[in-house]
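Remarks on the structure that follows.
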Amino acid sequence: MSTRNKGPIYGINSGVIATDDFAKQHPEALTRLIKVIVKQAQAASDDSKRDALFNRFHDISGLPVVLFTSDFEGTSIKERYSPLLDDGFVSHYTDVIDGAKKIGIIRQTFDARGWADPTFLDRALKELRLESFWTPTNAAGLVARR
C-alpha cells in the first residue's frame, strides 16, 4: 500500500510524548533525545542521499527498495521528514483524534495543540542552528513554496 498522491493526511508520523512531570524532572534527557531526532531528520532530509536512505529503509524493514523509491517519487524528503510542530502536524493529529472518537477507540477528544509543546524542539533547532531549515506546513499539510 502506498501513500503516494494521497496527500499529507495519509503521511506516517511519529513523535515523542512526555508527561509534564518527566519533562520537569529530566529536561536534559529530553533535550538530548530531541536533538538526536532533529539531527536524524536533517540527515534524512538530504535529497542527494535518497538512495542510501531507501537502502537503509530496506535493511531495517526487509521491504524492497523500489517500494520506497516509488512512494517518494516526486516528493521532497525534506518536507516528509520535517520535525516541526506546525499547523500541518496539529491538523493531522486533530483528524486522527476525531477519527478515533468516531469509531470508539477513545471516549472523548482533546486538543492536539496542547500536546504539541515546542519548547524542547525549539531549543534543539536553535542549538543546532536549524531554525529555518524546514518550512512550516499549513493546516492542509502543504508547504508554502518559496
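Taken together, the values in this text are just the output of simple stated rules run on the coordinates, not laboratory data. This structure is a prediction, so every number in the text was calculated from the model and none was measured. Counting neighbours? That spans all protein chains shown, and the Cβs are built from the backbone with ideal geometry, glycine included.
Here the spin labels are modelled as points 7 Å beyond Cα on the Cα-Cβ line, and at residue 14 and residue 63 they lie 1.2 nm apart.
Each label point was placed 7 Å from the Cα along the Cα-to-Cβ direction; for residue 98 and residue 32 their separation is 4.0 nm. On full extension, the segment bounded by residue 24 and residue 55 gains 7.3 nm, given 0.36 nm per residue less the C-alpha separation.
Filter the chymotrypsin sites (Phe, Trp or Tyr not before Pro) in region 46-114 to those in DSSP coil with at most 16 other Cβ atoms within 10 Å of their Cβ, and list the result. Of the chymotrypsin sites (Phe, Trp or Tyr not before Pro), the ones in loops of region 46-114 whose Cβ has at most 16 other Cβ atoms within 10 Å are 81, 110. Between the amide H of residue 117 and any residue lying 5 or more places away or on another chain, no distance stays under 5 Å, with hydrogens modeled in the peptide plane. For the chain, taking Cα atoms only, Rg and Dmax work out to 16.4, 45 Å respectively. In straight-distance terms, cross-link reach from residue 39 covers every one of the lysines whose alpha-carbon lies under 24 Å from its own, apart from those fewer than eight places away in the same chain; here that gives 24, 49, 78, 126.
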